[in-house]
Each structure stands twice: as C-alpha cells, then as structure tokens.
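A quick write-up on the structure given underneath.
The values are calculated or read from the model by the stated rules, or taken from the named source; none is laboratory data. Worth saying up front: this structure is predicted, and the values here are computed from it rather than measured. Because the Cβ atoms are built from the backbone with ideal geometry, glycine has one as well, and the counts that use them run over all protein chains shown. Surface areas here come from the heavy atoms of the whole protein model, side chains and all, with no ligands, DNA or RNA. Shrake-Rupley method; radii C 1.70, N 1.55, O 1.52, S 1.80 Å.
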Amino acid sequence: MTVNTPLCFRGKSILAPMVRVGTLPMRLLALDYGADIVYCEELIDIKMLQCKRVVNGKYNVLNTVDFVAPNERIVFRTCERERHCVIFQMGSADAERALAVAKLVESDVAGIDINMGCPKEYSTKGGMGAALLSDPDKIESILTTLVKGICKPVTCKIRILPSVEDTVNLVKRIEKTGVSAIAVHGRNKEERPQHPVHCDVIKAISEAVSIPVIANGGSHDFIKEYMDIETFQKATAASSVMIARAAMWNPSIFRKEGLFPLKKVMQDYIKYAVRYDNHYTNTKYCLCQMLREQLETTQGKKLHAAQSTQEICEVFEMADFYEETTTVFTAKKTSLETKVQDEDDQMHDPDVIKMAVRFDKREYPPQITPKMYLLEWCRKEKHPQPVYETIQRPLDRLFCSVVTVAEQKYKSTLWDKSKKLAEQAAAIVCLRTLGVPEGKLCEGENHLINKRRREDQECLNNRDHGDDGAEPSHKKANFIEGASDMNVPEM
C-alpha cells in the first residue's frame with residue numbers, strides 16, 4: 001500500500017519513546033525546542049484495543065483526541081499540533097492485533113512503530129519488546145502486515161544482537177518488509193546505560209541497508225548539548241539521531257541556540273501539563289527526572305510531597321498560572337455545556353411540548369405525585385398508560401425524561417438530579433398542557449386522596465365481611481408507577 005505522507009526520517013532529531021515520559025506535554029515541549037519527530041511511550045496492543053477514540057468528550061475543552069480505557073483512564077492523548085510528527089509506538093507480539101491498533105490510531109498520528117528493543121519485563125513478557133529479537137519470523141509477520149495494512153509509515157526500534165553479523169542480517173530482513181526506517185539502540189538487551197554504546201555496530205548497519213537508520217543510545221557517552229547530536233550522528237553514520245535520557249533530563253537539548261536553564265524548562269513543561277490536564281502523578285514523575293540530583297533540595301522535597309497539579313504549580317511559583325488556566329477552562333466548559341444543551345433542546349424531537357419546570361415534593365400532599373394524577377387521567381380517558389423515556393447526561397450525570405401520552409410527547413427543559421424527579425417534571429408538563437390538576441396542595445380538595453380514603457374504607461369493610469382478597473385500586477396504581485423507578489436510587 002502506498003505511503004502518502006511527507007514524513008521523512010533523514011537528517012532528523014527525534015524524541016525517543018520513553019515509558020511515563022513520552023506523554024503529550026513532553027512531546028509538545030520537545031517540538032517547541034526543535035525536535036523534528038516525537039515518539040510516544042510504548043503502549044501495549046491489548047490495552048489499546050480496549051480503548052474508545054473520544055474527541056475529548058462531548059465538550060472538547062482541551063481540543064485533544066483521547067483513547068480512553070473502560071475504566072475511563074486516558075491511555076493515549078494527542079492533538080492537532082503533533083499530528084504530522086508523532087509516531088505511535090506499540091508493544092505487540094501478534095500481527096493482527098498490531099494491525100487493529102494501527103487502524104485505530106492511524107488518522108491521528110504520523111506513523112506506527114513496533115518496540116523490539118525494550119529489555120524490561122513489562123515489555124518482554126508475552127513475547128514483546130526485546131523478546132522479538134529472537135523470533136525474526138514473528139518480526140517479519142508483524143511488520144509486513146502493518147506495511148500492507150495501513151497508509152502511514154511503519155518503523156521499528158531494536159537493540160543490537162551479540163554479533164555484528166547477526167544484527168546486520170536481522171536488519172536486512174527487516175528492510176525487506178518495507179518499513180520506512182529502523183531505530184537502533186547501540187547496546188544489546190543485557191547492557192545498561194553505563195555500558196558504552198556500540199557506535200561501530202550502528203555504523204555497520206547504516207552502511208548495510210538503504211533505508212534510514214536512526215541512532216539511539218548516545219546520551220551517556222556523547223550528547224550533553226545540541227552540537228553533540230551531530231557528533232553522534234557522524235560516529236554512527238546514521239541518517240538521524242534519537243535522544244532519550246538527555247531529552248528527559250532537559251528537553252531543550254533540541255535547541256540549536258543551546259540549553260535553557262532548567263527552571264524555565266520545568267515551568268514550560270508544567271504549562272503544557274496544566275493546559276492538557278496531564279495526570280499529576282505523571283507530571284510529578286517527569287519533573288523528578290529533570291531535577292535529578294536536586295531532589296534533596298527544599299524544592300525537590302516539596303515536589304515529592306505534592307499530591308495534585310495545583311500543589312506542583314505552587315512548588316514552582318506558578319499558582320497564578322494554574323488559577324488563570326483552570327478559570328478559563330471552567331468558563332469554556334460552562335459555555336459549551338449551555339450551547340450543547342440549547343442545541344439538544346432545539347434539535348431533538350422538535351414536536352415535543354416543553355416547559356421549564358421542576359417537581360418539588362413539598363408542594364404536594366404525602367404520597368401524591370403528578371405521575372399518579374397523570375396515570376389516573378389516562379385511565380379515565382381510556383388512553384394507554386404514560387410511557388417515560390429517561391436519559392442521563394454523561395458530563396454531569398443529570399437526568400431528563402420525556403413522557404408520551406396519547407401519542408404526544410412532553411418534557412421539562414430543566415435537567416434533574418435523579419430519574420424519579422425528571423419523570424415527575426415531565427408529568428407536570430403534560431398535566432399543565434392538558435389543563436388537568438396535578439395534585440398540588442394549593443389546588444384545594446384533592447380528589448385522588450378522597451378516592452384513596454373511599455377505597456381504603458371499602459377494603460376495611462370487605463375484611464370485616466371476611467373478604468381478604470380485595471386490593472385497593474390505588475395500590476395497583478402505585479405498583480405501576482413504581483415499576484419505572486425500580487433500581488434507580490435517589491441522588
């Protein structure tokens with residue numbers, strides 16, 4: 001399948017995929033500072049397949065696209081700013097699952113990457129990450145399926161094998177799948193950051209294949225400032241350079257003009273974290289990685305103790321920014337809620353008769369409700385009993401009900417805190433439209449109460465004559481009314 005994208009992997013500075021670090025705020029900050037391409041953190045295929053794609057809910061205050069798990073946790077969040085330069089990295093050991101995830105996110109990202117280099121257990125269990133390096137047939141199956149199945153570029157990220165020859169042979173096999181580039185971490189799966197990066201192996205790979213090779217692993221030995229990126233690229237003969245820990249410590253490593261002071265970098269990061277509602281634990285983790293040896297300072301200890309985004313902002317003298325931003329969000333959310341509710345009222349069921357009313361039980365005698373009066377009226381007029389359709393609005397969990405009587409629908413335009421209250425309000429709209437009493441105390445003599453008293457007296461008389469089987473009709477009416485309220489607690 002033809003790849004229709006301007007994305008190029010030559011001559012690029014790239015933010016590496018890093019678990020817990022490569023979330024939206026860090027990716028956007030890296031782009032601001034000069035990164036050409038950013039990778040998200042590794043996300044497992046099975047978890048992604050449980051997600052729904054949501055345009056930040058019905059009220060899109062953040063202007064993001066979210067992939068939301070069944071427990072409402074946001075697994076992946078992205079936005080238009082990065083759509084043409086973010087690579088979605090997934091952990092997968094199954095070609096069909098990988099393709100399903102790729103199709104799920106394809107329209108929101110610039111490319112798809114398969115993690116074949118992470119040596120950590122959370123990645124290698126189930127045959128993912130570096131575990132794939134010992135199964136080249138599975139590597140070929142996954143990459144070929146993706147290249148044929150989607151329109152965006154497909155890449156993979158590997159670690160080197162114990163021998164240069166084996167590594168080059170594997171990369172040549174990967175090249176034949178049609179991938180657009182391959183990122184190579186210049187260490188094997190047993191080696192850690194303190195071990196020297198094998199530039200010679202990355203160079204051998206670069207010289208053996210025609211696709212772009214992205215060199216990774218130079219933070220410890222090479223990359224301390226922007227100029228070092230080119231030094232590492234030349235040492236490996238790679239097409240591009242991918243930076244992990246040096247960018248995690250100070251993402252302004254991508255600035256041609258040089259590093260920013262850490263205080264500014266951290267404040268810039270916090271601004272994105274607040275604007276995009278990043279979970280405070282993730283924000284806190286990334287800031288701790290930046291502070292490093294300063295974690296034992298007064299500021300570091302305050303950060304460690306912070307238990308909310310607001311408290312994090314206070315640590316970095318950004319309380320005013322937090323208040324201003326959240327105030328703007330609240331106002332925008334309220335405005336959008338009102339607009340959407342007005343549109344809902346206008347667009348849905350234009351033939352519905354509407355009034356702005358609520359049910360206040362203090363205005364009615366005990367055990368008497370508008371629903372009971374409406375049911376009694378329908379029986380008297382030989383209409384089918386009222387039918388209530390109630391919905392709950394996800395954002396604020398309020399209820400609205402529509403009642404159908406004699407093929408006409410009625411509803412209140414005011415949303416209520418419970419299903420029962422919403423149904424009573426709909427019944428009031430119907431009764432007032434029909435000009436029928438609704439049972440309020442101010443209406444004077446209550447015929448339904450009088451009817452109940454007569455039926456109760458009849459019941460007592462029947463019992464006095466030994467007829468225990470008689471049941472007052474109002475109890476039947478109560479049962480019918482209550483049926484639609486079953487299993488719905490008052491809120």
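Could you please give the count of residues in segment 219-242 that are among the hydroxyl-bearing types (S, T, Y) and in a helix (DSSP H, G or I)?
2
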Next item on the list: Among the residues of segment 279-312, write down those that are over 23 Å from the mean Cα position of the chain (by Cα), surrounded by 15 or more Cβ atoms within 10 Å (Cβ to Cβ) and within 21 Å of R27 (Cβ to Cβ).
Entry: Q289, M290, L291
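Does I114 satisfy the criteria of being of a type in the set (A, V, I, L, M, F, W, C) and within 20 Å of K12 (Cβ to Cβ)? Break it down into steps so the answer makes sense when it comes.
Details: of a type in the set (A, V, I, L, M, F, W, C): yes; within 20 Å of K12 (Cβ to Cβ): yes.
Yes.
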Check: Can you find even one residue in segment 380-395 that is closer than 18 Å to P437 by Cβ, outside the structural domain of T334 (by the TED database), out of contact with any helix residue (DSSP H, G or I) (no Cβ under 8 Å at 6 or more places or on another chain) and open to solvent by 70 Å² or more (accessible area, probe 1.4 Å)?
Finding: yes
Note to self: Could you list, ordered by first residue, the pairs with Cβ atoms under 8 Å in which the first is in segment 183-206 and open to solvent by less than 70 Å² (accessible area, probe 1.4 Å) and the second is among the acidic types (D, E), at least 6 apart or interchain?
What the structure shows: A183/D113; V197/D221
Notebook entry, point to check: In segment 313-336, which residue that is closer than 14 Å to V274 by Cα, loosely packed, with under 15 Cβ neighbours inside 10 Å and among the aliphatic types (A, V, I, L, M) is modelled with the highest pLDDT?
Noted result: A319
Next item on the list: Could you please let me know if L146 is more than 25 Å from A244 (Cα to Cα) and crowded, with 22+ Cβ neighbours inside 10 Å?
Entry: yes
Check: Is it the case that D342 is modelled with pLDDT under 75, in a loop (DSSP other than H, G, I, E, B) and open to solvent by 50 Å² or more (accessible area, probe 1.4 Å)?
Finding: no
Notebook entry, point to check: Residues in segment 160-182 that are without any contact (Cβ under 8 Å) to a residue 12 or more places away in the chain and not in a loop (DSSP other than H, G, I, E, B): how many?
Noted result: 3
Note to self: Restricting to segment 239-254, name every residue that is within 19 Å of A181 (Cβ to Cβ), open to solvent by 10 Å² or more (accessible area, probe 1.4 Å) and among the polar types (S, T, N, Q).
What the structure shows: S239
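Filter segment 227-238 for residues that are open to solvent by 20 Å² or more (accessible area, probe 1.4 Å), closer than 14 Å to S206 by Cα and of a type in the set (S, T, N, Q) and give the result.
Q233
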Notebook entry, point to check: Which condition does R192 not pass, out of (1) part of a loop (DSSP other than H, G, I, E, B); (2) within 23 Å of I142 (Cβ to Cβ), if it passes all the others?
Noted result: (2)
Next item on the list: Provide a single number: the residues in segment 412-446 that are under 18 Å from P386 (Cβ atoms), open to solvent by less than 40 Å² (accessible area, probe 1.4 Å), of a type in the set (V, I, T) and under 47 Å from the mean Cα position of the chain (by Cα).
Entry: 2
Next item on the list: Counting only residues that are at pLDDT 85 or above and among the aliphatic types (A, V, I, L, M), give me the strands (runs of 3 or more DSSP E) lying completely in segment 374-453 with at least 2 of them.
Entry: 387-392, 399-405
Next item on the list: Out of the residues in segment 107-122 that are assigned to a helix (DSSP H, G or I) and open to solvent by 30 Å² or more (accessible area, probe 1.4 Å), state the one that is farthest from A93 (Cα to Cα).
Entry: S107
Item checked: Single match in L31, L49 (criterion: over 11 Å from the mean Cα position of the chain (by Cα), at pLDDT 95 or above, closer than 23 Å to A181 by Cα and hydrophobic (A, V, I, L, M, F, W, C)) -> L31
Next item on the list: Exactly one condition in (1) within 20 Å of V168 (Cα to Cα); (2) open to solvent by 70 Å² or more (accessible area, probe 1.4 Å) is not met by E257; state its number.
Entry: (1)
Note to self: One residue is enough: does segment 315-335 have a residue meeting the conditions within 24 Å of D66 (Cβ to Cβ) and not in a helix (DSSP H, G or I)?
What the structure shows: no
Item checked: Lone qualifier among K125, K157 - being assigned by the TED database to the domain that holds A16, open to solvent by less than 40 Å² (accessible area, probe 1.4 Å) and not aliphatic (A, V, I, L, M) -> K157
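Considering K125, K148, which residue is at negative phi, without any contact (Cβ under 8 Å) to a residue 12 or more places away in the chain and within 29 Å of the chain's Cα centre (by Cα)?
Sole residue among the options that is at negative phi, without any contact (Cβ under 8 Å) to a residue 12 or more places away in the chain and within 29 Å of the chain's Cα centre (by Cα): K125.
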Margin query: Anything in segment 4-28 that is within 18 Å of E106 (Cα to Cα), modelled with pLDDT of 95 or more and polar (S, T, N, Q)? List them, or say none.
Written below: T23
Notebook entry, point to check: Looking at segment 1-105, what helices (runs of 4 or more DSSP H) fall wholly within it and have at least 2 residues that are in the same structural domain as G178 (by the TED database) and surrounded by 24 or more Cβ atoms within 10 Å (Cβ to Cβ)?
Noted result: 24-33, 95-105
Note to self: Is it the case, given these coordinates, that V38 is touching a Cys at 6+ places or on another chain (Cβ under 8 Å), of a type in the set (A, V, I, L, M) and over 30 Å from R393 (Cβ atoms)?
What the structure shows: yes
